[in-house]
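Written below as structure tokens is the structure these notes are about.
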Amino acid sequence: MINLKMHLSRNKIIEGILFPLFIFSACSQPEKPESYIARVNNSYLTETEFSELVDSQSVSEKSRALVVKNWVRQEILLQEAIKKGITESKEFKRTVENSKRQLAASLVLQNFAASSQLVATNKELENYYKENQTSFRIPFNAFFINRINFSDREAAVMFRTELIMNGWIEALNKFSKDSSLINFESGVLISEQDIYPVMLLRILEGLYPLEISIVIPDERGYYTVVQFLDKYLAQSIPPFESVKTEVERRYKAALTELALENYINDLYSLSEIEINK
């Protein structure tokens, strides 16, 4: 199995170097927005900025609160750093310059990876799953479901009726352009603790395979319809079809890592490199 540690560490590098750059760019005082989620002195977190941090349409209230709390914490530290003159120190400016170099290098690799057109056949994915089957063992109870969210209750009711009559694919095709459609997930495996709202979890626990839930409202003003496909217990290994999306993600990540290594080796061969001991 191809080692994915470098792929993961690259994301950590980008996350780690963005903070000093963020501090550097945040020294100017922003104007007060008309509305905002949180404020620390003269710095504001708007809904637009929040949506750039997370998928605000699907995040739970608990997760939303955690993101906001983390933003406040980082902002307090940022303002303290500015107050103490840290952002004007030689050490900070040197760190920012080094961060720019690392960020530029990371973005080169990121752009190369994004431009790589990776296509995996179903057979390749099945083989990858078989070779790494134990790595797909799930630590928690999980539900395999189809799920759709609407902003309008009547649309959700009509979708549910269509789903009962003609099945998931036909119902999706009919409602794909409905203005109240928020999002949908087909054949998604979700761990028990990530099911939201809590009412949905209780309903799922009482359904049989292929059974369809009632229309479920939540605090965000969404109306959810779920089709229960299967449930898997903690420490079990779901069948290929239930984890196919994750299999494809991991397989393509492995292919991307290999392509990146080959790309870097090509750059080495095209460069004059001298290391003096």
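The values are calculated or read from the model by the stated rules, or taken from the named source; none is laboratory data. Just so it is clear, the model here is predicted, and its values are computed rather than measured. Positions of Cβ are backbone-derived with ideal geometry, glycine not excepted, and every protein chain shown enters the neighbour counts. All accessible areas refer to the heavy atoms of the entire protein, side chains included, with ligands and DNA or RNA removed. Shrake-Rupley method; radii C 1.70, N 1.55, O 1.52, S 1.80 Å.
Within the set Ala81, Ala120, Ala105, Ala171, the sole residue that is within 30 Å of Ile203 (Cβ to Cβ) and open to solvent by less than 70 Å² (accessible area, probe 1.4 Å) turns out to be Ala171.
For Lys62, are the conditions met, namely being outside any helix (DSSP H, G or I), of a type in the set (Lys, Arg) and at pLDDT below 90? The answer is no for Lys62. Filtering the stretch 192-244 to residues that are of a type in the set (A, V, I, L, M), assigned to a loop (DSSP other than H, G, I, E, B) and surrounded by 15 or more Cβ atoms within 10 Å (Cβ to Cβ) leaves Ile195, Leu207, Val215, Ile237, Val243.
A residue that is open to solvent by 30 Å² or more (accessible area, probe 1.4 Å), of a type in the set (Asp, Glu) and within 22 Å of the chain's Cα centre (by Cα) cannot be found anywhere in the stretch 249-262.
The numbered conditions (1) within 24 Å of the chain's Cα centre (by Cα); (2) within 13 Å of Thr224 (Cβ to Cβ) are all true for Phe159 except (1). Checking Ile138, Ile145 one by one, the residue that is at pLDDT 95 or above and touching a Pro at 6+ places or on another chain (Cβ under 7 Å) is Ile138 and no other.
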